[in-house]
Amino acid sequence: MPTKYIIKKTFDPKVFKVDYQQELNQEQLDVVLHGDGPCLVLAGAGSGKTRTIVYRVAYLVEKGVKPQNILLVTFTNKAAKEMLFRVEQLLGVFPKSLWGGTFHHVANLLLRKYAPKIGFDHNFTILDEEDSKDLLSVCVKALGIDPKKRRFPSTGVISALISLSANMGLGVEELVSEAKPEFMKVMPDLVRVAEEYEHRKRRNNAMDFDDLLTHLLTLLRDHDDIRRHLSQQFRYILVDEYQDTNHLQAEVVRLLSEVHGNILVVGDDAQSIYSFRGADIDNILNFPKVFTGCRTFKLETNYRSTQPILDVANEVIKHNVAQFPKKLHHVRSGRLRPAMVPAVSDEQEAEFIAQKILELRDDGVPLHEVAVLFRAAYHSQALEFELTHRDIPYEYRGGVRFFDRAHIKDVLAHLKIVANPKDEVAFLRVLKLQVGIGEQTAGQIFDRVQADSPGAEERHPLEVVFETMSVLPRAEKGWQTFRSTMTGLIGEPAANPETLIHLIIDSDYRDYLRNQYPDAADRVEDLEQLALFAGKYDSLDKFLAEVSLQESFGLVGGEPAEGNDEKIVLTTIHQAKGLEWRTVFVMHLSEQYFPNPRALTEDGGLEEERRLFYVAVTRAKEYLFLTYSLASGYRTMSMHLNTPSPFLKEIPERLLEPYQIEETEVALEDSLIDPDQVIELDEDGQPKGILDRVLQATGKRKRRGRGAT
């Protein structure tokens with residue numbers, strides 16, 4: 001039995017305003033009362049970690065620790081304000097001098113006092129994201145680099161590279177060579193830009209967000225007297241979401257805690273999912289090694305989910321090697337097992353989710369208590385179509401709807417030019433993507449194209465224009481690129497929309513994405529999904545008409561009327577961390593989608609993907625549906641078979657409720673697949689073709705072909 005801790009034997013309101021023993025469970029109480037020295041609090045999903053931190057701060061204040069001697073560090077301003085507000089509610093007074101906020105907020109306060117020690121004035125300026133991009137533009141121009149003559153990384157990409165290198169403790173050259181080899185050809189110029197950027201920031205008495213941490217670390221390392229003074233001041237340091245810290249943040253809190261050693265970090269290694277931002281899971285895994293005498297606490301009582309959901313979560317995460325083992329147990333009652341739902345196609349998967357949402361609403365589950373989670377943004381495309389057609393309102397968290405994304409609109413603009421060369425909006429959009437062509441030049445080119453166009457005849461109007469038209473020297477490179485891409489498209493008059501989209505993906509537009517966006521790889525995946533969707537159409541006109549209608553519907557269906565919160569949530573799992581819903585659908589759980597294939601090429605990638613799945617599962621309170629499709633590109637020439645995610649295979653069948661969609665047989669009969677078709681097997685007894693594999697996977701077969709045993 002766990003030990004019962006008594007405050008002064010009985011609660012004495014003259015000493016404590018808060019009855020900690022009454023307010024906290026035993027796990028939380030242990031942390032609050034015995035959190036001195038280096039402490040690692042492993043807080044499982046839904047275990048009340050925020051409550052524990054808040055009560056720990058209140059307890060310290062009530063014990064007589066001065067608020068100015070407490071440092072509470074969180075990752076978001078919202079979390080910091082919430083914690084301080086709850087402390088005020090507990091104590092009945094706001095602890096004015098308590099140091100609380102994000103890492104960057106605390107760094108700013110300290111650097112304002114000691115800025116001259118690192119070569120800055122007290123009134124230094126903090127550059128926001130747009131300020132940083134503007135200054136980088138100045139640097140590029142000052143160095144004589146002309147982006148109009150060749151593809152050069154955008155200021156957004158350069159800013160992301162510099163930021164990631166700072167957070168990971170790497171030089172720009174080292175980061176590019178290890179993680180961004182596509183920029184090796186411009187490496188010398190990138191290094192020059194980074195150096196010029198640093199020089200100008202110092203000259204301008206300015207810091208960007210990353211500088212706040214790097215300069216604070218420099219201050220603490222290079223000035224022993226200041227480090228000792230601050231470490232003496234901060235008798236108690238509490239850090240939230242420690243699994244998301246990078247090496248800079250971990251080193252800062254280590255140095256600040258060196259005098260008193262009272263550092264309590266709270267986090268969950270099983271929810272470390274931000275390595276792409278520079279977060280280092282080793283910070284939490286190695287905490288007991290870095291801090292001698294560390295005490296480890298575990299919060300394993302989950303207040304969010306039913307036990308059947310927690311059973312699945314526990315089973316999933318136990319397959320990770322690099323972890324602190326935990327086993328969540330429930331408070332919420334409920335015996336409904338999570339459902340595993342295979343669908344014939346992406347479309348049927350979307351239809352099932354939409355239909356089930358309507359059924360749940362009829363059963364009393366509000367729409368705002370429903371969320372659909374997915375690994376990557378493009379996984380939502382088929383579902384967005386289905387929700388729009390059924391008038392189910394939704395909110396897309398952490399981004400914009402599929403057909404509203406810039407790169408999707410870029411590719412559609414290419415296709416609109418093929419279908420209608422007089423489409424001015426599409427023409428100008430594509431022209432302005434090209435090197436050396438701005439708004440004015442694009443307008444002039446469009447006017448000349450329309451004047452020179454020979455009109456309807458056997459040849460596409462652009463073919464004649466491309467043979468005769470020339471442009472000013474500064475726009476020549478961009479015009480040649482535009483002409484090359486469009487010639488390839490109009491040279492395929494019989495091609496279906498899917499083929500045309502792949503031609504655009506494989507054109508210079510791919511290089512444009514790499515140089516324009518830090519998340520270029522994700523955007524290419526979006527376009528591959530668009531091509532897959534377009535494969536269902538045999539006519540470019542039909543495809544563009546359907547997409548245009550979707551865009552128009554989206555303005556209504558995706559944005560409910562003001563004040564109406566009855567809408568479901570669509571979100572990536574990364575954006576869903578820290579949130580919860582009564583009903584959660586985790587979709588597209590096929591092997592080729594989840595885990596992300598790119599993540600599997602990285603050290604620790606598979607385990608981080610499994611942690612991401614764990615986060616998805618633990619968002620659900622009562623209902624959990626795990627869905628995947630057996631075939632993508634169904635009814636198209638690009639159809640390929642999917643297999644369930646390996647994470648689904650790790651879950652024992654006894655923990656899941658198998659679910660058969662009633663319309664599966666109808667879908668098969670209404671498709672290219674004949675439900676009575678014979679499955680042909682090869683000499684090894686495996687299905688020969690893609691249709692054969694779908695038939696076998698769905699169990700819709702009458703007999704087997706050659707090679708069966």
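Kindly give Rg over Rh for region 216-325, based on alpha-carbon atoms, with the Kirkwood expression for the hydrodynamic radius.
1.05
How large is the translational diffusion coefficient of region 136-228 in µm² per second when you combine the Kirkwood radius over alpha carbon pairs with Stokes-Einstein at 25 °C and 0.890 mPa s?
On the way: Rh = 14.4 Å.
It diffuses with D of about 171 µm²/s by this estimate.
If you wrap region 13-129's Cα atoms in a convex hull and average its projection over all directions, what's the area in nm²?
9.5
Out of the trypsin sites (Lys or Arg not before Pro) in region 47-94, which ones are loop residues according to DSSP with at most 14 other C-beta atoms within 10 Å?
63
Using a probe radius of 1.4 Å on heavy atoms only, what accessible surface per residue do you get for region 327-390? Whole Å² is fine.
Using a 1.4 Å probe on heavy atoms only, each residue of region 327-390 averages 39 Å².
Between residue 444 and residue 185, how many nm apart are label points set 7 Å from Cα along the C-beta direction?
With each label placed 7 Å out from Cα toward Cβ, I get 2.8 nm.
Along the three principal axes, how long is region 347-402 when you take its alpha carbons, biggest first, rounded to the nearest angstrom?
Over region 347-402, Cα extents along the principal axes are 30, 23, 19 Å.
Kindly rank 112-120, 574-582, 293-301 from highest to lowest mean number of other beta carbons found within 10 Å of each residue.
In decreasing order of mean packing, 112-120, 574-582, 293-301 become 574-582, 293-301, 112-120.
Considering amide H positions built from the backbone, and no H for Pro or chain starts, which residues 5 or more places from residue 126, or on another chain, come under 5 Å of its amide H?
207
Give or take rounding to whole Å, what are the principal axis extents of the alpha carbon atoms in region 63-110, in descending order?
The Cα atoms of region 63-110 stretch 27, 20, 13 Å along their principal axes.
Please turn the phi angles of region 277-289 into ³J(HN,Hα) values with the Karplus equation 6.51 cos²θ - 1.76 cosθ + 1.60 (θ = phi - 60°), one per residue in order, whole Hz, x for glycine and proline.
Working through the residues one at a time gives 9, x, 4, 10, 4, 5, 4, 7, 5, 9, 3, x, 7 Hz.
Tally Lys/Arg at +1 and Asp/Glu at -1 over every other residue whose Cβ is under 13 Å from the Cβ of residue 497; what's the total?
-2
Evaluate the distance, in nm, between pseudo-label points positioned 7 Å from the Cα of residue 259 and of residue 145 along their respective Cα→Cβ axes.
Modelled inter-label distance: 4.4 nm.
For an R0 of 30 angstrom, estimate the FRET efficiency from the Cβ-Cβ distance between residue 579 and residue 653 and round to the nearest 0.05.
0.55
Using θ = phi - 60° and the Karplus curve 6.51 cos²θ - 1.76 cosθ + 1.60, what whole-Hz ³J(HN,Hα) does each residue of region 47-56 get, with Gly and Pro shown as x?
Once θ is set to phi - 60°, the couplings for region 47-56 become 9, x, 5, 5, 4, 5, 5, 4, 5, 5 Hz.
For helix 439-452, what angle does its Cα long axis make with the longest principal axis of the chain, in degrees from 0 to 90 and rounded to 10?
Its long axis makes an angle of about 10 degrees.
With a 1.4 Å probe and all protein chains left in place, how much of the accessible area of region 163-285 comes from carbon and sulfur atoms, in whole percent?
Here it works out to 46 percent.
For the chain, evaluate the Debye formula with one uniform point scatterer on each Cα (no solvent term) and list log10 I(q)/I(0) at q = 0.09, 0.11 Å⁻¹, rounded to two decimals.
-0.96, -1.30
Which three extents, in angstrom, do the Cα atoms of region 276-387 have along their principal axes, listed largest first?
For region 276-387, the Cα spread along each principal axis is 55, 35, 25 Å.
Output needed: percent of Cα pairs per 10 Å distance bin for region 11-71, bins running from 0 to the one holding the longest distance.
Histogramming region 11-71 at 10 Å steps yields 21, 54, 24, 1 percent.
Averaging sequence separations of C-alpha pairs under 8 Å and six or more residues apart, then dividing by the length of region 348-456, give the relative contact order as a whole percent.
16
If R₀ is 41 angstrom, what is the calculated FRET efficiency for the pair residue 82 and residue 542, using the beta carbon separation as r and rounding to 0.05? Don't skip to the end; give the middle numbers.
Numbers: r = 50 Å, r/R0 = 1.23.
My answer for the efficiency is 0.25.
For region 197-241, what Kirkwood radius comes out of the mean inverse Cα-Cα distance, in Å?
After inverting the pairwise mean of 1/r, the radius is 12.4 Å.
Restricting things to alpha carbons, tell me how big region 86-135 is in terms of Rg and Dmax, in Å.
Spelled out, the Cα radius of gyration and Dmax of region 86-135 are 15.6, 46 Å.
Ignoring ligands, DNA and RNA, what accessible area per residue does region 183-309 give at 1.4 Å, in Å²?
In whole numbers, region 183-309 has 38 Å² accessible per residue.
How much of the DSSP beta bridge set in the chain is antiparallel, as a percent to the nearest 5?
Numbers: 4 of 54 bridges.
Around 5 percent of the beta bridges assigned by DSSP in the chain are antiparallel ones.
Check which residues have an amide H placed less than 5 Å from residue 268's amide H, if you skip close sequence neighbours.
When sequence neighbours closer than 5 places are left aside, the close amide H contacts are 43, 242, 243.
Could you give me the radius of gyration and the Dmax of region 573-623, taking only the C-alpha atoms into account and expressing both in angstrom?
That works out to 11.8, 35 Å for Rg and Dmax.
For the ranges 472-483, 125-136, 404-415, what's the packing order if you count other beta-carbon atoms within 10 Å of each residue, average per peptide, and put the highest first? Write out the running numbers ahead of the final one.
Working: 472-483: 17.7, 125-136: 15.9, 404-415: 19.3.
Result, highest mean Cβ count within 10 Å first: 404-415, 472-483, 125-136.
So how compact is region 74-163: Cα radius of gyration and Dmax in angstrom?
Using the Cα atoms of region 74-163, the pair Rg, Dmax is 19.5, 64 Å.
Could you grab the Rg to Rh ratio for region 412-530? Cα atoms only, Kirkwood for Rh.
0.95
Can you tell me the order of 614-622, 184-192, 432-440 when each peptide is scored by its average per-residue count of other Cβ atoms within 10 angstrom, highest first?
Working: 614-622: 25.1, 184-192: 15.4, 432-440: 17.8.
Per-residue mean Cβ counts within 10 Å order the peptides as 614-622, 432-440, 184-192.
The values are calculated or read from the model by the stated rules, or taken from the named source; none is laboratory data. Bear in mind the structure is a predicted one, so any value in this text is a computation, not a measurement. We place every Cβ from the backbone using ideal geometry, glycine too, and count neighbours over all the protein chains shown. Remember, those area values only see protein heavy atoms, side chains included, never the ligands or the DNA or RNA. Shrake-Rupley method; radii C 1.70, N 1.55, O 1.52, S 1.80 Å.
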